[in-house]
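The values are calculated or read from the model by the stated rules, or taken from the named source; none is laboratory data. What you are looking at is a predicted structure, and each value in this text was computed from that prediction instead of being measured. Cβ placement follows ideal geometry from the backbone for every residue including glycine, while neighbour counts extend to all protein chains displayed. Only protein heavy atoms, including side chains, enter the accessible area calculation; ligands, DNA and RNA are left aside. Shrake-Rupley method; radii C 1.70, N 1.55, O 1.52, S 1.80 Å.
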Protein chains: 2
Amino acid sequence: MSKLWGMPDRPDLAAMAIPLTRALMAAETPILREHGLSMWAYGVLLGLDERPVRTQAALAESIGADKTRIIRVLDDLQRRGLIERSPDPADRRVRLLSITPEGRRLRDAAQAGIRRMEERLLSRLPDDDREAFVRVLRILSALPSQEFR
Amino acid sequence: MSKLWGMPDRPDLAAMAIPLTRALMAAETPILREHGLSMWAYGVLLGLDERPVRTQAALAESIGADKTRIIRVLDDLQRRGLIERSPDPADRRVRLLSITPEGRRLRDAAQAGIRRMEERLLSRLPDDDREAFVRVLRILSALPSQEFR
DNA sequence: GCATATCGTCTGCGTGCGCTTACGATTTGG
DNA sequence: CCAAATCGTAAGCGCACGCAGACGATATGC
């Protein structure tokens, strides 16, 4: 860990994370397109299972989207029978969101394609390193934003 | 590494990398702003030392920018005396780019602030894990895009 | 009962960005 | 010598997105 004349020992995290994220997204896009999904649509399908949400706004927040902007996405997913929206009897303002079996199948198929791409990518790494990387990425990505200061 | 009923053992890499990258960028922005730098300006200053470049287009490519969009950034950095552009005697179309001592100082100061933020973030991790994470991130971020398929 | 808040929805505004075109100047290669 | 390519530059177009405001319907709290 030596520093040579002001040269940092490693690039900034963001300087590495940005191109990686760009490349991952670029790789995902055609895979998702094969399944007729945009990245936001896929994000919605992911968000509907991993974390049960009872308002659209909460879903939007959990997937990092703008609640107003995902309306169109939700409309389309609903039209295609991939999600359902039903009124919440406990609060008539709210529409409960759920994924249909068909939605689950499509999401899982897309995810399998993405997983294959990822495994090819990670296969160049030693097992320890890839496990540590995933572990740390998971921890850091789940941190609340006030931890980044 | 067990899979329970179609539930993946981990989220997609992008699903983790995207929020992390967003958070890192959001954290960097005020640090850079304190030094009067936008993210692209900072990217230019970083790109001018780590990889000598002889055309503006090559610099833009190396930092993931659009060559037409960074003209304004370069203009501003030059106006502030942070970079220099000089004609290349070997090719009169080209303007050679270099960072000034002042530019280097500003970049290093900004980078020190970012490094402090990052160390605070990474300090919650075991040493092995953080080293492995940085090592892998470095490797993956440097891969050419055709490796993501 | 009523002021305030929240839900989903629609729309507007401003900004940034990818990509393209066009241009003048210069270089390259046949 | 000349066609094609490349450089930096300026600007246009379309799109995505963050954010905000407005609205009708509904819920909450005093």
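Considering only alpha-carbon pairs that sit under 8 angstrom and 6 or more positions apart, the relative contact order computed for segment B:13-121 is 26 percent. Heavy-atom surface analysis with a 1.4 Å probe gives the protein assembly as shown a carbon and sulfur content of 53 percent of its accessible area. Here the gap between A:H35 and A:D128, fully extended at 0.36 nm per residue and compared with their Cα-Cα distance, gives a gain of 30.2 nm.
Here the protein assembly as shown is treated with +1 on each Lys and Arg Cβ and -1 on each Asp and Glu Cβ, and its dipole about the Cα centre works out to around 760 debye. A simple packing score, the average count of other Cβ atoms within 10 Å per residue, orders the peptides B:39-48, A:19-28 as B:39-48, A:19-28, with the highest score first. Placing a label point 7 Å from the Cα of A:D66 along the Cα-to-Cβ direction, the distances to the matching points in the other copies come to 1.8 nm, shortest first. Near A:A27: Cβ cut-off under 13 Å, other residues only, Lys/Arg at +1 and Asp/Glu at -1. The net charge is 0. Summed over the residues of the protein assembly as shown and divided among them, the accessible surface reaches 57 Å² per residue at a probe radius of 1.4 Å. Since only B:L122, B:G81, B:G64 are under comparison, the one whose Cα sits farthest along the positive direction of the charge dipole of chain B, derived from C-beta charges on Lys, Arg, Asp and Glu, is B:G81. Please give the FRET efficiency for A:A58 paired with B:R79, using the beta carbon to beta carbon distance and R0 = 51 Å, rounded to the nearest 0.05. So, using R0 = 51 Å, E works out to roughly 0.65. Counting Cβ atoms of other protein chains within 10 Å of each Cβ in A:114-122 and taking the mean gives 4.
Counting, for every residue in B:97-106, the Cβ atoms of other protein chains within 10 Å of its Cβ and taking the mean gives 0. Chains B and A together bury roughly 5400 Å² of accessible surface, counting both sides and using a 1.4 Å probe on protein heavy atoms. Where does the charge balance sit around B:L82 when Lys and Arg score +1, Asp and Glu -1, over other residues with C-beta under 11 Å from its C-beta? The answer is +2.
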